[in-house]
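Chemist: The structure follows.
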Amino acid sequence: MLDTRSLEIRIVVAVIVGLVMGAVVAYLGFRRKFKQEKAKLRQQFQQVTEENERIFQDRLQSSMTVLQMEHEQALQAIQKAPPASTDSSGIVHDQPLMTISVDGHPEESAHGAPVAGNPVVEGASKIPSSLVQVEAWGNSGLVSAIPGLSRYALTADQKTRQQVAVALGKIANRAGLRSEVQTSLGILAKLSRDPEIAVRCAAVEAIAQIPSSRSIRLLNQALRDSAGEVVQNASKGLTRLKNVKLT
């Protein structure tokens, strides 16, 4: 009877020991597999990061090459331009300017004909009224100016479109997280796809002033822009919004 009891105890002990050893082996196996998966994920993440960095550097180098070529072409065009006419005294003569009389009409020459003039004087180096208005709205920093700015977002004048983006950025910077500022993202999204690089740069810079998840998406899209300046602004914007509470 004692031998049977002792045998049962030994069997139970052996089973318990077997279960414990099995659990230890399973845990060690799981831990080893977890470390392998972790190392694999870290390697994949590193590869993706390096690939993105390579793509960014390639695009930046390509954009800088294009800008350099355009700069050289512009210099060549300036060098090939014909010089202004000079008289025997060596004084450079520009196109004669139109003179304006007191009553606002062009003065006449001795032969009774109006003096030939430069049309630039007639316009007095005109600055589009829309550009002046947009700059004033931006300097005001008032969110109530956003609807007015939206009307000029699709104007044909490139400088005005660029100034719309700059103005929206100024307003967003001053107004903070106010809901009215969020509505300007729709305007800036369109301007960030503008044909002109300067407009896209200004739009991306303005988007970075608005802390929202949509701003993050728009800046990520701008990272794929063909212009290096736009990509740089988008990268700076993402860095800025990384530690900002998003709405």
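Values quoted throughout were computed directly from the atomic coordinates according to the rules given, and no laboratory measurement underlies them. Note that the coordinates shown come from a computational prediction; the quantities given were computed from them, not determined experimentally. Virtual Cβ from ideal backbone geometry, glycine too; neighbours counted across all protein chains shown.
Chemist: Could you go through region 191-196 in sequence order and give the Karplus-derived ³J(HN,Hα) for each residue, using 6.51 cos²θ - 1.76 cosθ + 1.60 with θ = phi - 60°, rounded to whole Hz, and x for Gly and Pro?
Modeler: 5, 6, 10, 5, x, 8
Chemist: Among PHE30, GLN43, ALA14, which residue has its Cα positioned farthest towards the positive end of the charge dipole of region 1-48, with +1 placed on the Cβ of Lys and Arg, -1 on the Cβ of Asp and Glu, and the dipole taken about the Cα centre?
Modeler: My answer, from the dipole projection, is GLN43.
Chemist: If you stretched the chain out fully between MET21 and ARG224, how much longer would it get, using 0.36 nm times the residue separation minus the C-alpha to C-alpha distance? Show your work: numbers first, answer last.
Modeler: Details: separation 203, 0.36 × 203 = 73.08 nm, distance 5.49 nm.
Contour length minus Cα-Cα distance gives 67.6 nm.
Chemist: A further question follows. Longer than 24 Å from Cα to Cα, which of LYS40/LYS242; LYS35/LYS242; LYS159/LYS190; LYS35/LYS236 are they? Say none if no pair is.
Modeler: On the way: LYS40/LYS242 26 Å; LYS35/LYS242 29 Å; LYS159/LYS190 15 Å; LYS35/LYS236 35 Å.
Listed pairs above 24 Å: LYS40/LYS242; LYS35/LYS242; LYS35/LYS236.
Chemist: Continuing with the same structure: Beta carbons within 10 angstrom, averaged per residue: use that to sort the peptides 41-49, 150-158, highest first. Walk me through the numbers before you get to the answer.
Modeler: Details: 41-49: 10.0, 150-158: 14.6.
Sorting 41-49, 150-158 by mean packing, highest first, produces 150-158, 41-49.
Chemist: How would you rank 133-143, 15-25, 162-172, 192-202, highest first, on the average number of other Cβ atoms within 10 Å across their residues? Before the final figure, lay out the partial values.
Modeler: Working: 133-143: 17.4, 15-25: 10.0, 162-172: 25.4, 192-202: 19.5.
Descending mean neighbour count gives 162-172, 192-202, 133-143, 15-25.
Chemist: If neighbour count is taken as other Cβ atoms inside 10 Å, put LEU188, LEU131, LEU218 in order from fewest to most.
Modeler: On the way: LEU188 26, LEU131 18, LEU218 22.
The fewest-first ordering by Cβ neighbours comes to LEU131, LEU218, LEU188.
Chemist: Okay, next question. If you place +1 on the Cβ of every Lys and Arg and -1 on the Cβ of every Asp and Glu, how big does the dipole about the Cα centre of region 123-247 come out, in debye to the nearest 20?
Modeler: Details: 17 positive and 8 negative charges, 72 e Å.
Its charge dipole is roughly 340 debye.
Chemist: Does region 129-241 come out rounded, prolate or oblate by the C-alpha gyration tensor, with a ≥ b ≥ c the root eigenvalues, rounded set by a/c under 1.5 and, if not, prolate when a/b is larger than b/c and oblate if not?
Modeler: Since a/c reaches 1.5 but b/c is at least a/b, the shape of region 129-241 is classed as oblate.
Chemist: Still on this structure, I have one more. What full-extension length gain, to one decimal in nm, is calculated for GLU196 and PHE56 as 0.36 nm per residue of separation minus the Cα-Cα distance? Mind dumping the intermediate values first?
Modeler: On the way: separation 140, 0.36 × 140 = 50.40 nm, distance 2.04 nm.
Additional length available on full extension: 48.4 nm.
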